[in-house]
Structure formats: C-alpha cells, structure tokens
1. Residues being modelled with pLDDT of 70 or more and farther than 27 Å from Val384 by Cβ: count how many of those fall in the range 622-658.
2. Taking the range 339-388 on its own, how many of its residues are crowded, with 20+ Cβ neighbours inside 10 Å, of a type in the set (Asp, Glu) and not in a loop (DSSP other than H, G, I, E, B)?
3. Counting just the residues of the range 356-383 that are modelled with pLDDT under 95 and of a type in the set (Ser, Thr, Tyr), which one comes out farthest from the ligand (Cβ to nearest atom)?
4. Does Gly258 meet the test of being closer than 17 Å to Tyr196 by Cβ, in contact (Cβ under 8 Å) with a residue 40 or more places away in the chain and not in a helix (DSSP H, G or I)?
5. Scanning the range 222-237 for residues that are of a type in the set (Asp, Glu) and either at pLDDT 95 or above or under 15 Å from the mean Cα position of the chain (by Cα) (or both), which turns out nearest to the ligand (Cβ to nearest atom)?
6. Which one of Met476, Met506 is buried (at least 18 other Cβ atoms within 10 Å of the Cβ) and either over 25 Å from Ile568 (Cα atoms) or within 16 Å of the ligand (Cβ to nearest atom) (or both)?
7. Quick one: count up the residues across the range 600-621 that are modelled with pLDDT under 85 and closer than 15 Å to Gly540 by Cβ.
8. If you go through the range 271-288 one residue at a time, do you hit one that is under 14 Å from the mean Cα position of the chain (by Cα) and of a type in the set (Phe, Trp, Tyr)?
Amino acid sequence: MHMEYKRIKMNSIVFALNVVATVVWCAPRRCEPGDEILGRCKASVEDKARCTDLLLGYCDDMPYVKTIFPNILDHKSMQDAELGTEYLLLSVIHSLLNGECTPDIRMLGCSVLAPRCEKDRLVKPCRSTCESVRKGCAHAFEGIEMAWPYFLDCDRFFVSDEEGCYDPLEGLREKQEVALASFYPEEPGTIIQFTYHSNAQMINILKKTAARCSDIARTYSIGRSTEGKDLLIIEFSNNPGQHELLEPEVKLIGNMHGNEVMGRELLIYLTQYLCSEYQLGNNRIQTLINTTRIHLFPSMNPDGYEMASSELEGNSDPDNEEVPRYNGWISGRANGQNIDLNRNFPDLTSIAYSRRRNKRYRSDHIPIPDSYWFGKVAPETYAVMKWIRSIPFVTSASLHGGDLVVSYPFDLSRHPLERKIFSPTPDEQVFKQLARTYADAHSTMANADTDRCGSSFASKGGIINGALWYSFPGGMSDFNYLHTNCFEITVELGCDKFPAEEELYMGWQQNKEALMSFIESAHRGIKGIVKDEDGNGIKGARISVRGIRHDITTAENGDYWRLLTPGIHILTASAPGYSKVMKKVQLPSRLQKAGRVDFVLMKSVLEPDVDDFSLPAMGTYDRFDPYNQFERYSMSDLGENGEERQEKPWWWAYFAQSGNSAPTWLLRNY
Ligand SMILES: [Zn+2]
C-alpha cells in the first residue's frame, strides 16, 4: 500500500516538473551574453533596482503585478528565482502536503520570491500572515518529515504592520476564511474515520490532534524504529509534558506485533475521541484528563506494520488465486531485524523464580543483568525500556490480536518444563481485578456465547494468567512488573489479527468503554506522599504491603500509587536512613478513587535492619546499558565512512536531483 502511494506521488511530481519546464520555456526573452554590449537590454543587476512585471508562472495570481529583483532572498533576477529549489518547492507543495495545508502557502512563498514592488521599492509581506499560515500548516510538514522552509521564516523575511508590511493574502481573506472553516470546523466534534492508517497518516493525526488540543495534549518521540521511523507518543493531561504530584500515569501500547493492527487503530481513534470530547465538555473525559496523565503509543512496531500491510495489499489481487489469503499470522509480526519484540525484554522472571525461596526476597525493581546487553537489543525495545524507567507509570495495557482475552503476568511459566502452568505474581488479586476491568467493560469478551477463536476463556470471564495460556520469556509485561512500579496487562482484541477495514468501527464500539474503564482504574487502591520531618518528599522510599512480596517505590517528589483490592491492608513505608512507619488501612469495596495515605519518616541513626540487605541496591538498578553495548551494535549500521546512515524522506531524491545544491534545509534535524 505504501509503495503504491509513493509511486502515485512521484507521478504527480513528475507531472508538475513538466509544468515548471513549460513555464521556463515560455518566459520572456532575457539578456543573452553580448546583448548588453549591443544595447539590446540592460543588466538589472548593476542598475538601480526597478519595479518589473511579475511573470513567474506559479505566482501569477498574486494581488499585485509588479515585483522587484534582487528579491528578499537576494535572487538577482527572475531567472535566478525561477531555477531555485524554493520555486520548485512552491510548484509542488500543495500535492506534497496531501492538501493538509492551505493552498495559500504558495502565495506566501511568492511574496518572498517575487515580492510586491511600489515606487521601485520592495515591500515586505506581513509577519502575522506568515504566522497564521505556519500555525495551520506546521503539522502537514511534520507529516511528511519536511522542515519548515527557511524562506518562510516569519521572523527573518517578514515584517510587522508598523514596518509597513502588506498582506499577500489580502484579496483572499474572505475566500480563505471559508476554506479554513471547512478545514478546521468550528465545532470541535471530529469525524473519526474508521479506516486503516499508514504510518505517515498516523503520525499526521497524532500531531494534528495535539495541535488542535494543545492545552491538553502533546506528542513526543521516544526514539526510532530499526528502519528509522519515529516512535511517536501522544500524551493527554491538563499539564502536558509534566508529571504532577499524586497524578497517576497510564500508558496504552498498540501494534507491538506489527501484524496485530486493531489496537493501533483503536489508539488512533481514542486520540481523536479524547481531544474532541474534552473540547465538547464531556464530563467524564474532562475529569479523566484533569486527574490522569495518559500516554498513547499506537505503534511500537511501525516497520512490522508496513510489512504486514504491504503484503496484505499484494495478496488481495483478485486475479492471483494461487496465493492463499495473506498469512497474517507471521508476516510483519517481528520488527525490521526480525526480532519478536515481546521476547526481547530482559528475562527478569527467571531471576525472580530462582530467588523466591529466600523469605525476604522482594519481586520488584530487579536490575537488568549486564549479560542482557550482550544479546541483540532491538531499538524499539531499547526505546521502550528507557521510556518506562523515566515515567512513574501505574498501569499499562499492551494491545494485541489473534484471540479474545485479557492475559496478565507472569507470562513465563514457573516450571521450566511445564509450558502451560498457572504462574501468578504476588499481586495475583490486583492483576485479576485489572484484567476483569477490561474484559467486563468490553461488549463481548466476558460473554459465554462469544466466538472464542477455538479457545475456552469464557468460563474464566475472558481473562487468563499468561503462563497458563502459553509460556514465553522476555515479555514486556513481566518486565514492567519486575523492573518498575507499573502493572501491565495484555489485551487480545479478536481472532483476526488484521481484520477487514469494515470491522474497525465495530472494534471501536466493543472496546471504547473497556479502554476508558481501564484508564480510570489507575485511580484504585491507595496513593500518597512519603515525606521527611521537614515536609520534603523522599524519592525511592518503599511501600510494602504485608502478604505481598512486591514493593512499590516513590517517585521524584515522594508520591506513590499502590493498586490494591478492597479489604484491610497493613502498609509499611521505609527508606534508607529513616525509621519505618506502619499503617493499617481499610479499603471499602466501592471506593471510586484512590485512598490517600501519607507517611512521615523520621531520620534514624540506627543500623539498617536485616531486611534491607535483601533489597537490590539502587546503584545496581540504575545501571542501564553500562557498557554502551546498544550503541556499539548500532554502529554496525553506519555507512562506510562512519557517517550515520540517515534515511532520507521519499521526496528527497526529487529535490536533490533538481540541479541545485542539495537543499538540506528541507530536512528536519539536519
Ligand atoms: Zn501479539
């Protein structure tokens, strides 16, 4: 699908190039060498600049007829301007940007390349016009990985009203307002398109939504895939970009297996839904976003997705009866290096099992063994590990496909030889509650009469312990639980990994409430702050629950979240150098939000008690890729001269071959 799309694009560009050529041919006769001496014409360069007719083909509808050279970019003549990459870009910009930007951007460019001339003086265009076009179009450039063109730098080439600017879109104002209104409808209700989205379209929607809801959303990248695609996340919060004290953080991850695509689309729809409903004043959504920091990561494996979707495209050829329908069970599952990302995380579960007989052992914050870094670590895995270590996530759901069930850790069997054996974490009750939250709110997952893809999860209410289903090491959910404070479940969204497009809307209907309820469930259990006597938050303090051999640690400012089931719990807060504090709490069964339990710890000169010796030293925990192995492996991907092999966007070749010097200003981060 993607390749096809590129080809169409290039065709239209080739067509546009022909037009440019025509314009060049039709341009009026200019000074040839020797003409000047013969008195046939005068070189404009040496003359005092004068107003001249505006004859640039792509600028012939400007609201003025006279221009001047040198222009604002110091092109000495019209021919200079016409042969530059800037003009070439203007000629194709509208189709390059998929119509995502107002067509008037061309005229904005013309106002720089062929500026208005009055009384033989150049008049510069208005900065305010430039800024408003930029605001509406920035996302479109990002969508095709193109930098905002240097010659449309509003600060550099445009001036203010006071400096006597003119508005190059003046005559279009009314027309433009109508166009913009249809582009950015007044009412924030988005019409969600329940279709598949290519990687470029997905990125575009995320960025566009973040721009539309900039008060409550932003996008950020956690790295790049094997083939260089952005691993882009959209975050919703009333304070985007910041962790707020006591506010729980939740993540939803889709498309870890590139050929399991429903979750990816659900998160793209959820992005648009959250933004629109917040703006429409939906109470539930506003409360949720005001009290929770939500991170949506629609595609953890964009390379795999591209492979799966292109293969699907190839196999849907009706004339090709030889090939059975797309083999969605394998193609595109792994990443660009053929690594299954859900087997690529450090296997901390085996470590936890080997130490479980030690009574004082706690199954949390297990350091990544150094040996892990000597194996092959996928860039997607690396990016996700760094990400989940940097944010105090409370809950997470990883969205998959191929069955209809919610599974929860452990995914690795506690018996090395038995592949299907119940292998609970110390938090079995909490995980069951979390898994049920999703399954029960899903329209069919927990029903007995639902088509089960051949499995029998209905009797269990649509949830299952991962290892009891089938065991595997190196999974992401086990890693979340054993390395961080985050509780992650795995949601299998349906039997078909790559369902027909018509089924996407139904998928959204079935899962919308489940996704919402799951995000809300980060507000269960208890939360609070651990402080010292002076009221300062203590980072890295431990919250222990009697009977559960899994501690939670406090975040940067001493805040913590401990998911718990209803009932009576005995909690202990401890930190090195402080005395312990114990509290007994009762959680009512219908508590709607987390109970608040704060602790104040007194400084203590006593020797640490014996328990502390069994806790992993934080120094070891902080070790992340200590030998810089990841970078060393990536070095092998560098070009012969040691230069970074940077993947150029698909449109690059077109501009690079235009005969001008390579316009690196079109590349982002260059
Ligand atoms: Zn999967």
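1. The number of residues fulfilling the criteria is 7.
2. Selection size over the range 339-388: 1.
3. Among residues in the range 356-383 that are modelled with pLDDT under 95 and of a type in the set (Ser, Thr, Tyr), the one farthest from the ligand (Cβ to nearest atom) is Tyr361.
4. Numbers: closer than 17 Å to Tyr196 by Cβ: yes; in contact (Cβ under 8 Å) with a residue 40 or more places away in the chain: yes; not in a helix (DSSP H, G or I): yes.
Answer is yes for this residue.
5. The first filter runs over the range 222-237 and keeps only residues of a type in the set (Asp, Glu), leaving 227, 230, 235.
Of the ones still in play, those that are also either at pLDDT 95 or above or under 15 Å from the mean Cα position of the chain (by Cα) (or both) are 230, 235.
Details: Asp230: 22, Glu235: 24 Å.
Restricting to residues being of a type in the set (Asp, Glu) and either at pLDDT 95 or above or under 15 Å from the mean Cα position of the chain (by Cα) (or both), the top hit is Asp230.
6. Working: Met506 fails: buried (at least 18 other Cβ atoms within 10 Å of the Cβ).
Matching residue, one of Met476, Met506: Met476.
7. Applying the first criterion (modelled with pLDDT under 85) to the range 600-621 yields 605-620.
Still in the running and closer than 15 Å to Gly540 by Cβ: 608, 612, 615-620.
Residues that pass the stated criteria total 8.
8. Taking the range 271-288 and keeping what is under 14 Å from the mean Cα position of the chain (by Cα), we get 271-272.
Subset that is of a type in the set (Phe, Trp, Tyr): none.
No.
The values are calculated or read from the model by the stated rules, or taken from the named source; none is laboratory data. The model shown is predicted, which means the values in this text are computed figures rather than measured ones. Here the Cβ is made from the backbone with ideal geometry for all residues, glycine too, and neighbour counts use every protein chain on show.
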